[in-house]
Amino acid sequence: MAGGEVIASHTVSGKRHSFVTAPDHVPAQHLQSSDLWSRAYFVRQAHKIGPHTVAAISEVLDRQRIEAQGYRSCQNILALARGDNKQLLERACGQLVSKTARRAISYTAAKLAALRAQAASRPTTTAAPPATTARLEPPAGRRDTTGAHLAGPEQFSLAALTGRPSAGIAGQEELQ
């Protein structure tokens with residue numbers, strides 16, 4: 001508002017971390033993006049990793065009403081490939097763009113998928129024991145206590161533990 005007159009009004013998004021910018025409200029300096037990041041830059045970087053990463057980056061950029069609002073997410077997703085993690089990011093993006101596990105692609109989704117892919121690729125040290133439905137018998141010389149219940153706190157008194165009859169008063173019982 002300026003001088004009691006409404007200059008512009010914007011809707012507020014009900015979703016967290018989402019933009020509601022109208023394309024006609026974009027400042028003029030942001031319309032020319034030749035010196036900034038661009039779709040071509042991110043797609044070119046994604047091609048260095050693999051086809052699933054290209055598909056994921058393209059989907060992130062296509063989802064935004066104003067393409068530049070997806071640049072930070074693309075930068076963060078591509079940063080997951082630093083070091084020796086290019087194959088890991090490609091597998092994670094493959095999971096995200098697959099038809100079976102459809103989820104909105106974001107940095108958080110890519111990071112979680114990368115962590116899952118990394119955990120799945122780790123070797124295991126032992127095989128899981130076979131699942132049995134038969135009841136296992138206790139070892140010889142041991143009691144079966146599977147259905148046992150405690151009788152209560154009075155079973156832990158000195159008289160109950162020593163096997164002597166109770167004198168009636170707990171203080172006298174301990175003194176004897």
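Taking the average, over residues, of other Cβ atoms within 10 Å as the packing measure, peptides 61-73, 3-15, 42-54 rank 42-54, 61-73, 3-15 from highest down.
Model label points for Thr125 and Arg44, set 7 angstrom from Cα along the Cα-to-Cβ axis, are 4.7 nm apart. Here each label is just a point 7 Å from Cα along the line to Cβ, and for Ser9 and Thr145 those points are 7.2 nm apart.
Rule-based calculations on the coordinates, nothing more; no lab input. All values derive from a computational prediction rather than experimental measurement. Note that we place each Cβ from the backbone using ideal geometry, even for glycine, and neighbour counts take in every protein chain shown.
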